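Presented below is the structure to which this report refers.
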Amino acid sequence: MKIAIIGTGAIASYVREALAATPHTIEATLVRPESVPEAPGRFVGSVAALPDGLEAVVDCAGHGALREHGPAILERGLDLVSVSAGALADADLSAGLEAAALRGNARLHLASGAIGALDCLLSARVGALAEVTYVGRKPPDGWKGSPAESVTDLDALQDGAVTHFVGSARDAALQYPRNANVAAAVALAGVGFDRTEVRLIADANIVENVHEIRARGDFGAFRFRVSGKSLPDNPRSSALAAMSVVARLDQISRRIVP
């Protein structure tokens, strides 16, 4: 497929490198207008400036980029793959994106590969889901730049763990826009933003990001846990989340979808 990428950060860099080994081609990179080089080449500063012939756009730039560019991309009839599931905790933005997708006959694909078990949740909600809980653990550095800094001294946390957030997936996604996309993905796959319970923990005894889902309902019960490495360039970004962007593009382009 011919695609465009939004952003130039750690996830975008990983996706760009990974796509070099695939049949997909990157036709343009969407950045802030002030960041477009003097000799722009394939950098553009607006959705209107994206070239014709694209088949999809990949948002690797966070909630703000999805809010700013998502509706226009979908209205243009382009499928959009985004790592910013947490942005949909904003009910107005979620409704606006859905309306834009309907107008453009396009789809918003949420790349949420930082955690598995979402297919199981999607199936389980066909029956009755009694409860879904998401627990996210990261090393102290992984929470820097988030509200966790106002709850605990992350630099001083040398041993043990501190729970710095307990609440709904909606509150987690809105308060931790750079850290709680997994919680949002769990909510969207299961019982929704307001019924999904979330606990966020800074743990000095781990070196990887640990995600855990617990669910109970008519189907029975399950507990799923994954320990994932962060990207070398950004301790807040999951390597598996970046990989899931490439996997989703591959899925979109297939005629037989596993």
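A few points about this structure:
- The stretch 192-224 - residue that is over 18 Å from the mean Cα position of the chain (by Cα) and among the β-branched types (Val, Ile, Thr) and, of those, least open to solvent (accessible area, probe 1.4 Å): Ile201
- Taken over the stretch 145-171, the criterion of being without any contact (Cβ under 8 Å) to a residue 40 or more places away in the chain, within 12 Å of Ile201 (Cβ to Cβ) and aliphatic (A, V, I, L, M) is satisfied by Val151, Val166.
- Residue list for the stretch 114-159, filter: in a loop (DSSP other than H, G, I, E, B) and buried (at least 23 other Cβ atoms within 10 Å of the Cβ): Ala114, Ile115
- Checking each residue in the stretch 55-78 for being more than 20 Å from Ser244 (Cα to Cα) and among the aliphatic types (A, V, I, L, M) picks out Ala72, Ile73, Leu74.
- Total residues in the stretch 69-121 satisfying the condition of being polar (S, T, N, Q) and touching an Asp or Glu at 6+ places or on another chain (Cβ under 9 Å): the figure is 2.
Condition check ((1) within 23 Å of Arg178 (Cα to Cα); (2) open to solvent by 10 Å² or more (accessible area, probe 1.4 Å)) across all residues:
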residue: Ala10; (1), (2): yes, yes
residue: Ala20; (1), (2): no, yes
residue: Ile26; (1), (2): no, yes
residue: Val31; (1), (2): yes, yes
residue: Glu38; (1), (2): no, yes
residue: Pro51; (1), (2): no, yes
residue: His69; (1), (2): yes, yes
residue: Ile73; (1), (2): yes, no
residue: Gly77; (1), (2): no, yes
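The values are calculated or read from the model by the stated rules, or taken from the named source; none is laboratory data. Here the structure is a predicted model, which means the values were calculated and not measured. Ideal geometry is used to build each Cβ from the backbone, glycine not excepted, and the neighbour counts take in all protein chains shown. Accessible surface areas use protein heavy atoms only, side chains included; no ligands, DNA or RNA. Shrake-Rupley method; radii C 1.70, N 1.55, O 1.52, S 1.80 Å.
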